[in-house]
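The values are calculated or read from the model by the stated rules, or taken from the named source; none is laboratory data. Remember, predicted model here, so these are calculated numbers, not experimental data. Please note: Cβ atoms are built from the backbone with ideal geometry, for glycine as well, and neighbour counts cover all protein chains shown. With ligands, DNA and RNA removed, areas are computed over all heavy atoms of the protein, side chains included. Shrake-Rupley method; radii C 1.70, N 1.55, O 1.52, S 1.80 Å.
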Amino acid sequence: MDWSLITTSPLFGFTLTTLALVFYHRLFRQAKSPLLSPFLFALISIIILLLAAKIPYSDYEKGASILSFFMGPAIVALAIPMYKQFDKLKANALPILLGVTVGVLVSVTSGVLLSLLTGLSKEMAISMAPKGATSAIALELSETLGGNPAMSVTFVNITGIFVYSFGVQFLRLFKIKEPLPLGISLGTAAHAIGTKRAMELGDEEGAYASLGIGLAGVLTSLFMPFVLRLFGL
Amino acid sequence: MDRLIGFLYILLCNFAGDLIIVLTGLPFPGAVLGLLLMLALLLLKVVKLEQVESASTLLISFMLLFILPGAVKVMEVFDKFTGIIPQIFGVAIISALLCILSTAWVSKWVSKMKNRFRKAGNA
C-alpha cells in the first residue's frame, strides 16, 4: 500500500496537528508545571512521528499550511483583548508605554548582540531578535527580515518557558511586587506563556500582561528593522 | 451568522493591513498593522465590541494550533543547531532576564514618579 496517498492529503497534516494538541491538552489538564506544555509535547511528538515514518515536511505542510494561514486573523484578533483593557492602558499610559518600549529595545538588542558575541550565525541572530513577541508575530518578523521562522518559534518557546518558571522569583529579588510592573513585564518578555503566569498571580497582573503582549508585538515589529540595521544585518 | 460578521471584519483588517504593506513596501507585518486598524476601528466605534468578540475569542483560543505547524518546521533546520545548543539557551535566557527586569523597573519607577508628581500637585 502506498502511504503517500494518505500523507499527501491536506487532511493528514491538519488532523495530526489538531490531534496532537488536543491529546496533550487533555493529558496535562491538571498539570501545573510549564514543562508539561501541550504545545511542546505536541511539537516533539509530531516531529518524531514524521522522522520515524520518513514523511517529508512538504507532505505534512499540505494540511498544516491551512492552519498557519489563520495566524494572520488571530493576530488581528489580539486587538479585542487590548481594546477591553484600554481603560487600564489610558490610566497608566506613561509607565506602561515607557516600560514596554525599553523592554522591547533591550530584548531585541541584547538578543542580537549576545548572539553575535557568542558566534551564532547572522540568520540565528535575526531569528533571536523577536523572541519576546508572541509566536505568530515573531514568525512573521523573522520571515520578512531575513531570519528563520522555525528557529524564531523555537527561541520564543525557550524564552516563554524559562520566564514562566523563574521570572517572578527573579523580579522578587529586585523587590518588584506591584501588579503593574509584574504583569507588564511578564507579558512583554514572555508573551502568552508569561501572561499565563501573570494570571496565576491575580486578575490585575493578568490584565496588564495581556496589554503587554499586544504592545510588545507592535513595538517589536516597529523597532526590529532599525535595530537590525544598527548591527548591519 | 454574528460570528461570521466578526470574522469578516477581522479578515478585512488583515487584508487592508497586508495591502498597505504591499503598496508601501514597509518592513512591518501586515497582520500587526491589521491589529492596529482593528483597535482604531473599535476605539472610533466604527466596529462594536459585540460584533467581533466571539470570533476573536475563537481565533485566540485556537492560536496554538495555528502556530504549531510553523514550529514543526524546525525539523528541517536541526543540523544548524548541532554544537551550539548551550549558546542558544544562554543567549535566550540572559536576554529574557534583561528584558523582564528593565520592563518591570522602568514601569515601576515611572509609576512612582507619576504618583509623587500628582501628590505634589494636590498639596
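Overview of values
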quantity	calculated
Given (1) surrounded by 24 or more Cβ atoms within 10 Å (Cβ to Cβ); (2) at pLDDT 90 or above; (3) closer than 30 Å to B:Leu42 by Cα; (4) at the interface with chain B (Cβ under 7 Å from one of its Cβ atoms), index of the condition A:Leu94 fails	(1)
Pairs where the first residue, in the stretch A:69-93, is β-branched (Val, Ile, Thr) and the second is not in a helix (DSSP H, G or I), C-beta under 9 Å, 6+ apart	A:Ile75/A:Thr134; A:Ile75/B:Pro29
Residue satisfying condition, being within 15 Å of B:Cys99 (Cβ to Cβ), within 8 Å of another protein chain (Cβ to nearest Cβ) and out of contact with any Gly (no Cβ under 6 Å at 6 or more places or on another chain), within set A:Ser185, A:Ser121, A:Ser221	A:Ser185
Hits in the stretch A:121-131 (condition: in contact with a helix residue (DSSP H, G or I) (Cβ under 7 Å, 6 or more places away or on another chain) and open to solvent by 10 Å² or more (accessible area, probe 1.4 Å))	A:Ile126
Residue tally, condition closer than 20 Å to B:Ser95 by Cβ and touching a Ser or Thr at 6+ places or on another chain (Cβ under 9 Å), over the stretch A:172-210	17
Selection count where residues are at the interface with chain B (Cβ under 7 Å from one of its Cβ atoms) and over 14 Å from B:Lys73 (Cα atoms), scope the stretch A:56-80	11
A:Gly132, sole failed condition from (1) facing chain B (nearest Cβ under 8 Å); (2) assigned to a helix (DSSP H, G or I)	(2)
All helices (runs of 4 or more DSSP H) inside the stretch A:79-124 with 2 or more residues being out of contact with any His (no Cβ under 8 Å at 6 or more places or on another chain) and over 23 Å from A:Ala136 (Cβ atoms)	A:86-91, A:93-117
Conditions (1) modelled with pLDDT under 95; (2) under 23 Å from A:Ile161 (Cβ atoms); (3) in contact with a helix residue (DSSP H, G or I) (Cβ under 9 Å, 6 or more places away or on another chain); number of the one not met by A:Gln30	(3)
A:Ala216 being on the phi < 0 side of the Ramachandran plot, within 8 Å of chain B (Cβ to nearest Cβ) and not basic (Lys, Arg)	no
B:Ser95 assigned to a helix (DSSP H, G or I) and surrounded by fewer than 17 Cβ atoms within 10 Å (Cβ to Cβ)	no
Segments classed as helices (runs of 4 or more DSSP H), wholly inside the stretch B:24-80, with at least 3 members that are farther than 28 Å from A:Phe41 by Cβ and open to solvent by less than 80 Å² (accessible area, probe 1.4 Å)	B:30-43, B:49-61
Condition met for A:Val112 (open to solvent by less than 40 Å² (accessible area, probe 1.4 Å) and in the same structural domain as A:Gly194 (by TED's automatic domain parsing))	yes
